[in-house]
Each structure stands twice: as structure tokens, then as C-alpha cells.
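Before any comments, here is the structure.
What follows is calculated from the coordinates using simple rules that are stated; it is not laboratory data. Quick caveat: nothing in here was measured; it's all calculated off a predicted structure. Note: ideal-geometry Cβ built from the backbone for every residue, glycine included; neighbour counts use all protein chains shown.
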2 protein chains.
Amino acid sequence: MGSEVTLQDVAERAGLSLATASRVLNGGKRVVAAASTARILQAAEELGYVSNGPAQALARSTTAVVGLIVHEVDDPYFATIAKGAMRVASAHGLLTTLANTFGDQDLEVDYVQRLQAQRVRALLLAGSPRLADDQQARLNSALERFIRGGGRVAVVGDHRGPYSAVLPANRRGAAQVARHLFDLRHRRIGIISGPAHLTTVHERLTGFTDAWVDLGGTPDDITVADGDFSRDGGYSAMIQLVERAPEASAVFALNDLMAIGALAALHDDLGRDVPGDVSVVGFDDLWMTVDLRVPLTTVRLPLEAMGTRAMEMLVGADAAVGPQQARMPADLVVRASTGPAPVSS
Amino acid sequence: MGSEVTLQDVAERAGLSLATASRVLNGGKRVVAAASTARILQAAEELGYVSNGPAQALARSTTAVVGLIVHEVDDPYFATIAKGAMRVASAHGLLTTLANTFGDQDLEVDYVQRLQAQRVRALLLAGSPRLADDQQARLNSALERFIRGGGRVAVVGDHRGPYSAVLPANRRGAAQVARHLFDLRHRRIGIISGPAHLTTVHERLTGFTDAWVDLGGTPDDITVADGDFSRDGGYSAMIQLVERAPEASAVFALNDLMAIGALAALHDDLGRDVPGDVSVVGFDDLWMTVDLRVPLTTVRLPLEAMGTRAMEMLVGADAAVGPQQARMPADLVVRASTGPAPVSS
């Protein structure tokens, strides 16, 4: 039985030191050369060695596991961030426990506690923070407890705590959308918004409206319909917008999934041509936006790099320095879904 | 500090039994009513209770964690299966450690060992098994070691081991594609294949060709180009196919991602109309196939239900019965990307 094989046996068979074997099989902080990693893993497999994660965790108060919390794993925004993050974790010999909140805010606090109970060494929160409220306060106190226990935390967006943070330029990206639509002579705009308690939504919304006013427009030019960051939510919100603001000649959806739903509603249900009758803009630049029935004008975020950078802040060489911040660019990408406002006859 | 708060304290504050508190916070096998779960979690939070997963794991030789291994988390095929699986795990109070192999077959065996070292109680492999070879033998021996250690295993596809399995009707779905294209009078077919060592690829490929011959066609009617199950692989394979089999009037890509790449190549690089010049069919029915520049004819697999069912086999009420099998349907969905073969002039 494999259970009697020791780490020493594995190191000897591989012809490498015990420390190296431990780093590979228990996920130590130093990176091991790929060739050595392969030799250790092969020796472990041949001998049937199985290390005991929980025993090591007790001895060290931590495990070779990091926690990653997302809202929806099947939303490509999160799947792409997760891919980048997991690539870095994997390169450091770490496993990733992925917790999916299904958009349920109570579950997020719950997961932080459960992951702490499992003694994960670090936590990455990929979902947007909330605007200051009781829920965000509960989350922050759970995260502070995790940090007091020796864990590290990184977040996407500004959670206003002692965490490393990756900060996408949501305001700047949304301001570019305002200028693009203004330059195309659109004067009445529909916005498909996301969950109002998320800072990501707040930043994209105010980024657009502030820029719009700076350009000479007024807040009255803008009609906002509520979406939920999903494709189907964007579909319903588009139908609502056409009823409430039939004169709007351009629609800005605060993420690509909702823009995809809006394009479907305009084509299938409303019989409007894009961009002849209505221009549509999204946000995120998901990979499939170039393959849509009308390729989507959107704001590109470097999603995979955001995941990579956030995980490096947790487990990379300079993680010990303390909380860090990285600002990430957001750039307008113009495709076929936007064009000049129709000339009124 | 929270570390001095006991489970008993939490149970008392919630006014519930110690057993219930344990089930909620340590993820026992019995499901706890939602209201009781909420009361326990609130009491734990108020008291700052943090359970010790590794200590419990040592006592019980297992943790409230299940392992899920996928090839690419940002491939919507896997993301959707993962969502279904994680929903069930979460409902049973279990966390999910998601391991991403990046399509690297060595990593898959490695992950099984690492997850066993972490004492996960069950493993779900969402990626296709390989045709019988050394690599698959290594994977099976790692899985057998995991089962001898008391773990449970479920797989998507036929891994030929004592595992619970969800079996999508790949052959039957591909046969429906053959009939559909034959009925539309296509007689020369291009196939964009996936990694040749995967049983999923073998089943879809032979399912098509066997049905094609039954319909009166011959294997010589079919030209196969190699893809890698990615969008960009489908793009390159499409260009290759047009060079090698310019007379092919229909293309069957063995998954939707490659079909999306093929549509892009036909539109952007080759200037061919779909379906006027060439018909295109995919496989899987990813959510965005209705939103493409040409809505895609494809074979629908119930991806989220596949994940749900596989996880239920691992942690649901009847998991103790032993390995189970569930056959999942595969049904052709006809959309705009297929039409009659062009009449030769």
C-alpha cells in the first residue's frame, strides 16, 4: 500500500533532495525547475506515494490550496479571469478551490468562512465589490478575520480594505464610449445597467454620464433600464428601453453579455437594424464578440491578465511585500455595431 | 479571537443541535434545511467561529471538498458542466476544488494525486477519456488508488473503470448530422476533427462515418482536417479543408468552438456564403450558437444537466449504491447554417 511510502523514499528514487520533493508535493513557496518537478512526480507515482495534505496543514496552519471566488463560472468574464489565475497557481504547485456564488451575496461571506476553515493560504475575489453597505461590511470583516489568521487576499475592484487589488479602468473605458457615440452624433442614449449595488456598475455608469455632460450633453439625454449582467437580462432590458425611449439611437450595455442579449432582441423581436437604426456598445471584450451576428463595438479589458496579475500578487515572488495595486487599461474597440446616428427625416 | 469559540457555542447560540451545527459547518452527508443552515451560519459569523477543516479531515480521513477536473475552464463546454456540478456540491454544503489541465494529459494524473493528498472525498472528471493507451492506464491506476483510499469517482464519457459515468450520446448525435446533410443532398463532406486520442472525438467521428456509409455514401466522400477543439484551431482547419477538398459543400466540426472558427474563416478569409456555398454544423449547442453571424446548426447536449447528474452520483442520496451510469440525449438542432447543397452548373 502506498501509505507506507515516505517522502524520503520519493526523494531518493528521484535522486533529489527531501526539500525539493517537499516543495513539489506539498507546494512550498519556492518554484522548482520543471525537470525536477517531473522527476519527483514520476517517482511519487511509481512508488504510489500519497502525501497527507490535512496533516501538513495542521503542522503549518496552511495548505497548498488557494481560494477563488467568482459570481458565475459560466460567465466568460469570470471564466477568463479564472483561467489566468489558475495558470499562475498551477505554476506555483498550488491547487485552486473555486467557489461560485451564483450571484448570491450571502454565499460570498459564507464561502470566505468555509475556505478559511479549509485553511487555504490565500483568497482571490474576482467579483465586483458592493457599494458601501451592511453586506460589504460583513464581507470585509470576514476577510479581515482571514488576514488575521495569516491569509492573503487579492480582489478585482476596490474593496476598500488592506487587500492587493487589480483595478480595471471602468470609468475611463465608459468615458470613451460616451465620446464615441457623441462623435457619431447620437444625442439620445439608452443604457442597460447591471446590479445597482456593484461598484463596477456604478463606475461604468458614472464614467459614461460624467463624460456625456462634459461633452455638452445633459443627464436627460440618457434613459437607464435595469439588467442583471446576463444575456437574457439584456434581452428584456432592450425591449423595455424601446418602449420607454423609442427615440434613443444608441444603446450602451454595461457588459458584453447584456449587449449580446440586446442585439438578439433588436434582431429577433424588434426588427431594428444594427447599426442602421440603433448602435450597440458593450463592455469587457469577451472572445465571442467578434463572431456575433453584428461584431460588437466594446471596451477591451485584459481579462486573463487581470487573473494572472491578481494571483501573482497572492503567491508570486513579491507577495510578501504586502498589499499592492495594479491599474489595468480599458480601451474602446470599434467594430460594426456602431455607426452614425440616423438622420431624422 | 475566534479560535476559542467552539462548535457547541455556535449550536447554542443558534438554538440547534450540535449535530446540525456540525453538518452545516463541516459539510456532513445529510442535507440541512435552508432555515437551519442560515441560523447556524449567522451564529458562527456573530461569534467569529472558524472550524478547522484539516483537523476534521485527519479525524475522518476526508474533507467537505470535492475535486473537479476540466481541460479548459474558459471553454463554455466545461464552464457549463462545472456550473451544474458546483450547484449540486454547494447544495450539499461542499466546496469544489477545480483543477484545470490546460489540455495537458500529464497534469491530469498529477491532479488526481494532489487532490487525493488533500483528502477530497470525491472526484469528477469532466474531460473526455483517452482511447486505451499508457496515459489512460496511468490515469486509471491513479483513480483506483483514490478509490482504495475511500474516495468516489464520476466521469463524463466511458473511462472503462469502476466509476459512475455520464454518457452523452455522441455517436447518435453525429449520426443525425450525417442524415441531415445527406437529406440536403450534400455528397462531399469536410470534417474538422479534435484531438485524435480522445474517445469523444472517436465516437463523434465514427458515429458520422458509420451513418454516412449506411445512408449509401462512401468513406471517400469525407475529408478530415485536424483541429484541437478550440475556435482558432477550427479557423485554421477550415482553411486547410478548402485547399484539400474544395468540392466539399458541407463541413461538420466536432465541437461548436471549432465551428465558430470555421464560420469566421469562411466569412473573413475565404469569402464563402453560409449556407449558400457551404453548410456548417457543430456539436454541443453552446449558449452563444444562436447569436453568431449565422446561427449554428448543431447537436444539443444537456451540458448543465450532465454536470448536475455527475455530481449527484458522487454526493447525492443514492451515491452509496455504487457506480451508476446515466445516458444523456444528443439531439440535432437545425438553424440557419445548413441548407441544400448548391446545384452544380
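Okay, here's what the table says:
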{"item": "Residue list for the stretch B:84-111, given a label point 7 angstrom along the Cα-to-Cβ vector of B:Ser141 and an amide N cut-off under 20 Å", "result": "B:105-111"}
{"item": "Inter-label distance, nm, simple model (7 Å from Cα along the C-beta direction), A:Leu270/B:Asp269", "result": "3.6 nm"}
{"item": "Global form of chain A, assessed from the alpha-carbon gyration tensor, a/c cut-off 1.5", "result": "prolate"}
{"item": "Hydrodynamic radius of the stretch B:218-289 per Kirkwood, over alpha carbon pairs, in Å", "result": "12.0 Å"}
{"item": "Order of B:Met258, A:Met238 under a 10 Å beta carbon neighbour criterion, fewest first", "result": "A:Met238, B:Met258"}
{"item": "Percentage relative contact order, chain A, counting C-alpha pairs under 8 Å, at least six apart", "result": "17 percent"}
{"item": "Separation of alpha-carbon centers, the stretch A:195-241 and the stretch A:262-337, rounded to whole Å", "result": "16 Å"}
{"item": "Which of B:His71, A:His180 has the fewest Cβ neighbours within 10 Å, and the rest in rising order", "result": "A:His180, B:His71"}
{"item": "Amide proton proximity set for A:Val333, modelled H, under 5 Å, gap of 5+", "result": "A:Thr298, A:Val299, A:Arg300"}
{"item": "Distance histogram in 5 Å bins (all Cα pairs of the stretch B:236-345, percent per bin)", "result": "2, 11, 20, 18, 13, 9, 8, 7, 5, 4, 2, 0, 0"}
{"item": "FRET E, pair B:Asp158, B:Glu46, Förster distance 60 Å, beta-carbon r, rounded to 0.05", "result": "0.75"}
{"item": "HN-Hα J in Hz across the stretch B:71-78 - Karplus 6.51, -1.76, 1.60, θ = phi - 60°, x for Gly and Pro", "result": "7, 9, 5, 8, 7, x, 4, 6"}
{"item": "Placed amide H near A:Ala99: partners under 5 Å, 5+ positions off or other chain", "result": "A:Leu68, A:Ile69, A:Val70"}
{"item": "Inter-label distance, nm, simple model (7 Å from Cα along the C-beta direction), A:Leu167/A:Ile239", "result": "4.1 nm"}
{"item": "Extension gain (nm, one decimal) between B:Thr6 and B:Asp232, 0.36 nm per residue minus Cα-Cα", "result": "75.9 nm"}
{"item": "Beta bridges per DSSP with both ends in the protein assembly as shown, % antiparallel, nearest 5", "result": "10 percent"}
{"item": "Inter-copy separations for A:Gly103, label at 7 Å along Cα-Cβ, nm, ascending", "result": "3.2"}
{"item": "A:Ala320 versus B:Val333: modelled label distance in nm, points set 7 Å from Cα along the beta carbon direction", "result": "5.2 nm"}
{"item": "Calculated label separations, B:Gly276, copies of the chain, 7 Å along the beta-carbon direction, nm", "result": "1.6"}
{"item": "Inter-copy label distances at B:Gly48 (7 Å, Cα→Cβ; nm, one decimal)", "result": "4.7"}
{"item": "Ratio Rg/Rh, restricted to the protein assembly as shown and using Cα atoms, in which Rh is the Kirkwood radius", "result": "0.99"}
